[in-house]
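Have a look at the structure below, then the notes.
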Amino acid sequence: MPSETSNIFRTALITGASRGLGLALARALARREWNLVINGRDAERLRAARDELARLTHVAAIAGDVADPIHREELAVLARGHAGLDAVINNASELGPSPLPSVLGVDPAALARLFDVNTIAPIALLQRLAGALKPGAHIVNVSSDAAVHAYPGWGAYGASKAALEQLSLVLAAERPDLRVYCIDPGDMRTAMHQAAFPGEDIGDRPLPEERVPALVQLLEESLPSGRYEGSALLAPRDDTRRPGLVEMAS
């Protein structure tokens, strides 16, 4: 573990960090000497992630559901105990029923749960964390191409992410002192993506670790607030425009 004097005291809170993209990002930030506050619903998985990451950096972990107001307050208490946050990554998400239902076939209760987890929880968590955000803090809300494209079966999930993106862009306009990003990381070989395609081989999709550099770029550079695509952020740079920026907040 880095010493107290060697750590530059950048702190990030990552939700859904016990597996998939969240864990891959936590590992990358730990190697870059970020302090971490992480959560996940699976206590055993989260404990294993904490023990691994603690060999590299300072990490606090608490298991729970981001849709639970009590758990969001627990995360806010941890954040305040770390003397503030340089970054918040709202990565925790739910896919909803599998196989993916049509718009007219989705259970309204399942639709409500998707909005609770994918839309309301990230914003409610940011509200609880507002006092812990350092000047210029970076907020990264993980989205999807399903938020902007009409794929059959992806209506419920995509709508929850589209709502998150709109809220994020408005937040960026309201809080120019912060960096507020939505990122579509692209398809990945994760358990959630596999659940979207039950019985199919998704081995051709990249691992989450291959998408992480795009998120690190958003966290460690001063790109303007807006919506970004991970594939464009990872592509060779064109200095005539901001890399990966799809839509600016105005």
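Just so you know, all these numbers are worked out from the coordinates, no wet-lab data involved. Just so we're clear, the structure is a prediction, and the values are computed from it rather than from any experiment. Neighbour counts run over all protein chains shown; Cβ positions are idealised from the backbone, glycine included.
Screening P152, P198, P185 for residues that are touching a residue at least 24 places away in the same chain (Cβ under 8 Å), exposed (fewer than 13 other Cβ atoms within 10 Å of the Cβ) and touching a Pro at 6+ places or on another chain (Cβ under 9 Å) leaves exactly one candidate, P198.
Taking the listed residues L207, L178, L167, the one that is hydrophobic (A, V, I, L, M, F, W, C), closer than 19 Å to F115 by Cβ and either surrounded by fewer than 21 Cβ atoms within 10 Å (Cβ to Cβ) or free of Cβ contacts under 8 Å to residues at least 24 places away in the same chain (or both) is L167, with no other qualifying. Considering A30, A17, the condition of being assigned to a loop (DSSP other than H, G, I, E, B) and either of a type in the set (G, A, S) or touching a Gly at 6+ places or on another chain (Cβ under 9 Å) (or both) is satisfied by A17 alone.
Among the residues in segment 156-163, are any of a type in the set (K, R), closer than 20 Å to I14 by Cβ and part of a strand (DSSP E or B)? Even if it seems obvious, please write down each step before you answer.
From segment 156-163, those of a type in the set (K, R) are 161; that's our starting set.
Filter once more, so that each one left must be closer than 20 Å to I14 by Cβ: 161.
Of the ones still in play, those that are also part of a strand (DSSP E or B) are none.
No; the residues of segment 156-163 include none that is of a type in the set (K, R), closer than 20 Å to I14 by Cβ and part of a strand (DSSP E or B).
Residues of segment 98-133 that are in a loop (DSSP other than H, G, I, E, B) and without any contact (Cβ under 8 Å) to a residue 24 or more places away in the chain: L104, G105, D107. Within segment 48-75, the set of residues being more than 16 Å from the chain's Cα centre (by Cα), in a helix (DSSP H, G or I) and closer than 23 Å to A28 by Cα comprises A48, A49, R50, D51, E52, L53.
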